[in-house]
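All remarks here apply to the structure that follows.
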Amino acid sequence: MLDIRPLRSSTFRHLAAGYWVNELGNWFGEIALAILVYDRTRSPLATATLFVMLRFLPALLAPLLTVRIESLPPRAALPCLYLLEGLFFGGMAFLVHHFTLPGLLGLSALDGMLAITAKALTRGISANWLLKRDLLRQGNAILNLGTMVSMAAGPALAGAAVAWKGASTALVVDGATFVATAAIIATASGLSLEIDREAGFSGRVRTGLEVLRSYSAVRRLLVAVAFVFLLGSIPVPIEVVFAKQTLHAGDRGYGLLLGAWGVGMVAGGAGFAAFTQVRLMRVLAAGTVLALLGYIGLALSPTLAVACLFSALGGTGNGAGWIAAVTAIQERIPVTTLSAVMSVLEGISQLMPVVGFIVGGAITAATSPRDAYAVSAAGVALVVLAIALRPIDRARLSPVAQDPATVADINGCTPKEGCNASVNTQELMPTARTLTVTDL
């Protein structure tokens, strides 16, 4: 059952609402830009270049920008980032009627860098707030469930908006979502991010790199996530070919295939939220295996109906496994490095799919869409085997302080009234524990 305690706080409600609105708007932007560039250029290469500018280059620079900005007050920094993104998309909407590909690509690259930075800071701020209240998993489950709904509905709504009023309108809608997100965050209270201010920019960069070097569990989790993103993205650019040519299902079949994956992601997010007592590593393993079974089934599917069933199965694994990985990483790093490490994770989620798209296109051009699914399945199977042979089993959690006011805030009472009896003096002290093999 979904634990809604985080939603009792207006701080978390603002963070969650802003994150969801932003996620929905991002789909409007990406779909509109892809359609715009292809319609104006009729060049697959130009469309591919757009996604490189949106994802690849920003992923390399965003971690540095995140570390630079994280020292600013979050209530001011985040709204400014979102307003800048809204301004950039306003510029892109203007370019619909005064089209220039270099200008559009330049604005896309700038927005991509700001997008990764804003998401990383939001995840860092929310994780910092949730960790102090021992509600990280519950809060992440709520954030993830809303995100999965946005990801499932976003592409369809964006496509409908472009078909109805054109790319310019969809880009304006995206710009408006950034303004709305900025307003939501600017009116929030209690936003904070713990960083080592005395270390300065270069010192915080070195600390972030040291975490990646010294925390082997975190490093291995990031590597595993990177490979799964790469391998899972291989079929994405060829799904339309698979649906229309291999399965002879037409445009409607393509939409159903994508929709089935989206429904599965929502189901996976709901499952993660409902079964909070299951250990994170088990959820991550189960999610990866479900995704693997989905790819295998898609490679062998004889009909659209069977393909949709396996697509939903793979999406379920995707929806549960991704947030399990995010939560596991957040639990295993010092709170002062949350935003920096989250920017690396967000960068991976943008960077590796680009490589997967290229690989998937090359495989399909050389053989068939089924082979692309088969390669994806084989690669994910190797990741599962590697983790099974050498489990990610040991990491130290960062100290997280809790005080009576914090507990009172989440339980809806005051310290004088007396809060949850299960919270004792020992639980209110800073703690740290070591994860062992029993956490798998």
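Things to note:
- Residue satisfying all of: in segment 180-197; of a type in the set (Val, Ile, Thr) and surrounded by 17 or more Cβ atoms within 10 Å (Cβ to Cβ); farthest from ALA115 (Cα to Cα) among these: ILE195
- Residues being more than 24 Å from GLU70 (Cα to Cα) and in contact with a Leu (Cβ under 8 Å, 6 or more places away or on another chain) - total across segment 174-224: 1
For (1) farther than 22 Å from SER349 by Cα; (2) touching a strand residue (DSSP E or B) at 6+ places or on another chain (Cβ under 7 Å); (3) assigned to a helix (DSSP H, G or I), each residue gets a yes or a no:
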site	(1), (2), (3)
LEU24	no, no, yes
VAL37	yes, no, yes
THR49	no, no, yes
VAL52	no, no, yes
PRO58	no, no, yes
ALA62	no, no, yes
SER71	yes, no, no
ALA77	yes, no, yes
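- If you check VAL228, VAL205 for being at pLDDT 90 or above, under 19 Å from GLY297 (Cβ atoms) and open to solvent by 30 Å² or more (accessible area, probe 1.4 Å), only one passes: VAL228.
- In segment 21-35, residue nearest to THR181 (Cα to Cα) [restricted to those that are open to solvent by 10 Å² or more (accessible area, probe 1.4 Å) and of a type outside the set (Phe, Trp, Tyr)]: VAL21
- The set of residues in segment 93-134 that are touching a Lys or Arg at 6+ places or on another chain (Cβ under 8 Å) and surrounded by 21 or more Cβ atoms within 10 Å (Cβ to Cβ) contains only GLY112.
- Set ALA267, ALA324: member being of a type in the set (A, V, I, L, M, F, W, C), at pLDDT 90 or above, open to solvent by 10 Å² or more (accessible area, probe 1.4 Å) and part of a helix (DSSP H, G or I): ALA267
- Residues considered: LEU221, LEU258. Of these, the only one that is out of contact with any Gly (no Cβ under 8 Å at 6 or more places or on another chain), assigned to a helix (DSSP H, G or I) and open to solvent by less than 20 Å² (accessible area, probe 1.4 Å) is LEU221.
- A count restricted to segment 3-20 and to residues that are of a type in the set (A, V, I, L, M) and crowded, with 21+ Cβ neighbours inside 10 Å stands at 2.
- Test result for THR11, at pLDDT below 90 and either touching a strand residue (DSSP E or B) at 6+ places or on another chain (Cβ under 7 Å) or assigned to a helix (DSSP H, G or I) (or both): no
- Filter pass, ARG40 being among the charged types (D, E, K, R) and modelled with pLDDT under 95: yes
- Within segment 231-255, tally of residues that are open to solvent by less than 50 Å² (accessible area, probe 1.4 Å), over 30 Å from LEU136 (Cα atoms) and not aliphatic (A, V, I, L, M): 7
- The number of residues in segment 359-381 being open to solvent by 40 Å² or more (accessible area, probe 1.4 Å) and either of a type in the set (Ser, Thr, Tyr) or within 18 Å of LEU60 (Cα to Cα) (or both) comes to 1.
The values are calculated or read from the model by the stated rules, or taken from the named source; none is laboratory data. Nothing here was measured: the structure is a model prediction, and the numbers come from that model. We place every Cβ from the backbone using ideal geometry, glycine too, and count neighbours over all the protein chains shown. Just so you know, the surface numbers come from the protein's heavy atoms only, side chains and all, with ligands and any DNA or RNA stripped out. Shrake-Rupley method; radii C 1.70, N 1.55, O 1.52, S 1.80 Å.
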